[in-house]
1. Residue by residue through region 114-145, note down the ones that are without any contact (Cβ under 8 Å) to a residue 12 or more places away in the chain and either open to solvent by 80 Å² or more (accessible area, probe 1.4 Å) or more than 27 Å from Ala101 (Cα to Cα) (or both).
2. Note down all Cβ pairs under 7 Å where the first residue falls in region 45-74 and is outside any helix (DSSP H, G or I), the second is of a type in the set (Ser, Thr, Tyr), and they're at least six residues apart or on different chains.
3. Any residue at all in region 152-162 that's part of a loop (DSSP other than H, G, I, E, B) and surrounded by 12 or more Cβ atoms within 10 Å (Cβ to Cβ)?
4. Hey, could you check region 32-75 for residues that are modelled with pLDDT under 95 and of a type in the set (S, T, N, Q) and say which is surrounded by the most Cβ atoms within 10 Å (Cβ to Cβ)?
5. Take the conditions farther than 26 Å from Leu45 by Cβ, out of contact with any Pro (no Cβ under 6 Å at 6 or more places or on another chain) and buried (at least 16 other Cβ atoms within 10 Å of the Cβ) and apply them to Val79. Does it pass?
6. I'd like the full set of residues that are over 23 Å from Val153 (Cα atoms), within 11 Å of the ligand (Cβ to nearest atom) and under 15 Å from the mean Cα position of the chain (by Cα), limited to region 107-140.
7. Kindly provide the set of residues from region 77-98 that are outside any strand (DSSP E or B) and more than 9 Å from the ligand (Cβ to nearest atom), ordered by number.
8. Let me spell it out: the conditions are (1) part of a helix (DSSP H, G or I); (2) touching an Asp or Glu at 6+ places or on another chain (Cβ under 6 Å); (3) crowded, with 22+ Cβ neighbours inside 10 Å, and Asp20 meets all of them except one. Which number is the exception?
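The values are calculated or read from the model by the stated rules, or taken from the named source; none is laboratory data. Quick caveat: nothing in here was measured; it's all calculated off a predicted structure. Cβ placement follows ideal geometry from the backbone for every residue including glycine, while neighbour counts extend to all protein chains displayed. Just so you know, the surface numbers come from the protein's heavy atoms only, side chains and all, with ligands and any DNA or RNA stripped out. Shrake-Rupley method; radii C 1.70, N 1.55, O 1.52, S 1.80 Å.
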Amino acid sequence: MSRIAVVPGSFDPVTLGHLDVIGRAANIFDELHVLVVHNPGKSALLPIAQRVSLIQDSIADAKLGDNILVTSWSVGLLVDYCTDVGASVLVKGIRSQVDVAYETPMAIVNRNLAGVETIFMLPDPAHAHVSSSLVRQVASLGGDVAPYVPDAVAAFLQKDRG
Ligand code: PNS
C-alpha cells in the first residue's frame, strides 16, 4: 500500500522554508501532494493558480523528485481532500513554538474529523525566520526577496513589480 501525505498551506508565495519541508517529506512518503488552500484569515497576494504554478516550477528547478503532485483545494474541509485521495497524513513545517501553538488545534481537529494524523517537520534552521507574510511585505515595499524564496518566485515577483 502506498503511503500518501499532504503538505497543505497558503503558499502565498512558496518560500525556501516550504520547499525544504516539501523535499524532506517527499523522501519519506511514496506520494506527496502539495495542496494550495485558500486561507480566509489572510489577505492574498497571488491567485491560487499562480501559487500552484510557482510551486511546480520551484520543485522542478530544485529537482525534488517525481513523487510530488501540486494542486489546490477550495471546496470543503482539508480532510475531505485527504479522504478523496487516500492520504492519512498531513505534514506541516514548524519553525518555532508559535507555529506549534498555531498548528496544534488544527492537528487535533483534523484527527478528530477524519483520523488524519499530522506530522510536524523541522526545516533547515537557515529558513527558520522566513515566512510568506514577511516575503509579501518586503516585496510590496520594493525590497529584495531573493534570499527567502525559490528563483522562480523571485523572478515572478520582480517581473510583477516591473
Ligand atoms: O499556510 P497556512 O495559511 O498556515 O495554511 C493553513 C491551512 C490552509 C492549511 C488551514 O487554514 C486549513 O487547513 N484550511 C482548510 C479548512 C479546514 O479544513 N479547516 C478545518 C480544520 S483546521
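1. Pro125, Gln137, Leu141, Gly143, Asp144
2. As it stands, the answer is Trp73/Tyr81, since those pairs meet every condition given.
3. There is no residue in region 152-162 that is part of a loop (DSSP other than H, G, I, E, B) and surrounded by 12 or more Cβ atoms within 10 Å (Cβ to Cβ).
4. Asn39
5. Yes: the conditions hold for Val79.
6. Within region 107-140, just Thr118 meets the criteria.
7. Cys82, Thr83, Asp84, Val85, Gly86, Ala87, Ser88, Ile94, Arg95, Ser96, Gln97, Val98
8. Tallying (1) part of a helix (DSSP H, G or I); (2) touching an Asp or Glu at 6+ places or on another chain (Cβ under 6 Å); (3) crowded, with 22+ Cβ neighbours inside 10 Å, Asp20 fails exactly one: (3).
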